[in-house]
Amino acid sequence: MSRLLDGRGELAPLMRIAKSIAHAQQHLRDHLPEEVRDHVFVGGFRDGKLTLLTDRAVWLTWLRYEQPRLLELLHRLPEFAPVSGFTLKVRPVRPVKAPLRQVRRLPAPAADEISACAADVDDPRLKHALERLASHAERDE
């Protein structure tokens, strides 16, 4: 593990590329207009071209017009001097939808049965789990 983190293992080139991509991402974010920052991502580096990903076609169009400025910006970093251009791609990001909350109900008669089972159990962990489950019952108060 220490060889991997020190950059001496077989994955060292991959780790260097990942660090470079993260550095390019941060450098671009620092210099992009605020409304664009959250929509542009560095996706990779291959054959002298840096891949820029965006979530909407409107930002892709903006990137096309801004390519010369962004290329000059990247050339300020020594490790990106060999970048000759960009590969631009749209990858829509779907918002994360929280799963619907399933409300479970435990009727009082079912809780009474579970409590009766708990009374007959010798295993303390199982007994505690059954009692805890029975405590969730709907009780009329």
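Quick check on the range 19-45: of everything there that is without any contact (Cβ under 8 Å) to a residue 24 or more places away in the chain and farther than 21 Å from V93 by Cα, which residue is most open to solvent (accessible area, probe 1.4 Å)? Residue satisfying both the conditions and the ranking: K19.
In the range 82-118, of all residues being among the small types (G, A, S) and part of a loop (DSSP other than H, G, I, E, B), the one that is nearest to K19 (Cα to Cα) corresponds to S84. For the range 56-81, a residue qualifies if it is assigned to a loop (DSSP other than H, G, I, E, B) and either loosely packed, with under 12 Cβ neighbours inside 10 Å or among the basic types (K, R) (or both), and the qualifying residues are R56, R76, A81.
Scan the range 61-74 residue by residue and report those that are modelled with pLDDT of 90 or more and either among the polar types (S, T, N, Q) or closer than 18 Å to D30 by Cβ (or both). The answer is T61, W62, L63, E66, Q67, R69, L70, L71, E72.
The values are calculated or read from the model by the stated rules, or taken from the named source; none is laboratory data. Everything quoted here is computed from the prediction, not taken from an experiment. Glycine gets a Cβ as well: all are built from the backbone with ideal geometry, and neighbour counts include every protein chain shown. All accessible areas refer to the heavy atoms of the entire protein, side chains included, with ligands and DNA or RNA removed. Shrake-Rupley method; radii C 1.70, N 1.55, O 1.52, S 1.80 Å.
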